[in-house]
Structures are given as C-alpha cells and as structure tokens.
1. What figure in square angstrom, to the nearest 10, would you give for the accessible area of Asp140 with a 1.4 Å probe?
2. Using amide H atoms built in the peptide plane, which far-off residues or other-chain residues are under 5 Å from Leu141 H to H?
3. Which percent of Cα-Cα pairs in the range 36-96 sits in each 5 Å bin, short to long?
4. Using just the Cα positions, wrap the range 145-186 in a convex hull and report its mean projected area in square nanometres, one decimal place.
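The values are calculated or read from the model by the stated rules, or taken from the named source; none is laboratory data. Fair warning: this is a prediction, and the values are worked out from it, not measured in the lab. Quick note on the areas: whole protein, heavy atoms, side chains included, nothing else; ligands and nucleic acids left out. Shrake-Rupley method; radii C 1.70, N 1.55, O 1.52, S 1.80 Å.
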Amino acid sequence: MKLIKKIVVVLLVLAALVYFVAIPYVQRETKKFSPYKTSVLELGNTVLKIDYSSPSKKGRKIFGELVPYGNVWRTGANEPTTITVSKPIKIIDKPLPAGTYSLWSIPNKKSWKIMFNTQIPDWGVTRINGNQTTHDSNYDLITVEVPVIDLQNPVEDFTITFEEQTLQQKSQNVISLAWDTTKIMVPVYK
C-alpha cells in the first residue's frame, strides 16, 4: 500500500512539473519564433489596438496547408490575437462595444470569416493537441465574412495593420491581415 502511495505522489509531482514548468517554458520559447506585435489606429478620440504574435512563412505554403481551409485559426501564433477598442465602433455593419476581444478566423480560398469573441483564453490552442484551437463560438459577439485578395509578392511575416483604403469610392479604414500570398481587409467604422 505504501508503494502505491509513493507511486501516486511521484506521478502527481511529475504531472505538476509538466503543467507548471515544462508547458510554460515551451510557450515562452515559441514566442522567440513568432514575435509579439501591436498595431494601433486612432480615429478621433477612439483608439483601436491589436496585439498579436507574428509567425514567419519560412518557405512553407501557409493557407490550405499549414493553416487548413475551413478550420478555426487563432489568427496568429501563441496567445489569441486581441483587439481593444476604447469606444464603440462598427465592423462592416455590426456594432462592436468598447472592450477587448479575441480575434479568430476561418480562412477559405475565396473568403474568410472573422469572429470577435468576448472570451480571451490564455493560449490559442489546446495543450494536448496543438492543432485544436481554444475558440468557443458561444462567445462570438460578431462574425463577418470578407473576400480574399491574392497578392503577387508573398508576405514573409504574418502582419496585421490598419490601412486607409478607397472602398466604393470613399476613404475607409480597414484592419488588414496579410501572410504569404493572401490578404484580407475588414472595414472599420467609427
């Protein structure tokens, strides 16, 4: 009986070491390969800030292979990408209240779905299966769909920026996501 108790204690200690030491260490190390970046847009007295980790292409085919079509993606690497808005805005025609949201996507060949989610998990994928996201659609506040723009020149590092574009003959602010030969633009209105 004492031997069984000792085995159980050893297994619990090993499990705790893996959970509290090894996993956080691996997460810190992966950030070296996908650096943390921030993009900011000021629209008058409204501030939009996006925090994300930027993986590199490194000769890989990204969309349709590394990032499969039709599956939820954490839209970057490491922790989920977040967007913070200081005052209410609109994403296309849908209201987004002031606050911080996780940004998830479902890439497809011709269009992407973008989800603004009220839940912000501590890591973008499960610790057991690194291909399964921690996205919970029950917390999606807004979902929009935008077309894919094919790029002639590949973008090496995943990039999220704010751009001013002319859409339907007027100047428009957009959230631009670009990587490899794919770009999408999500219109933002104050």
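1. Approximately 40 Å² of Asp140 is accessible to the 1.4 Å probe.
2. When sequence neighbours closer than 5 places are left aside, the close amide H contacts are Phe116, Asn117, Thr118.
3. Spelled out per bin, shortest first, that is 4, 15, 19, 19, 18, 13, 8, 4, 0.
4. On the way: hull surface 12.3 nm².
Dividing the Cα hull surface by four gives the mean projection, 3.1 nm².
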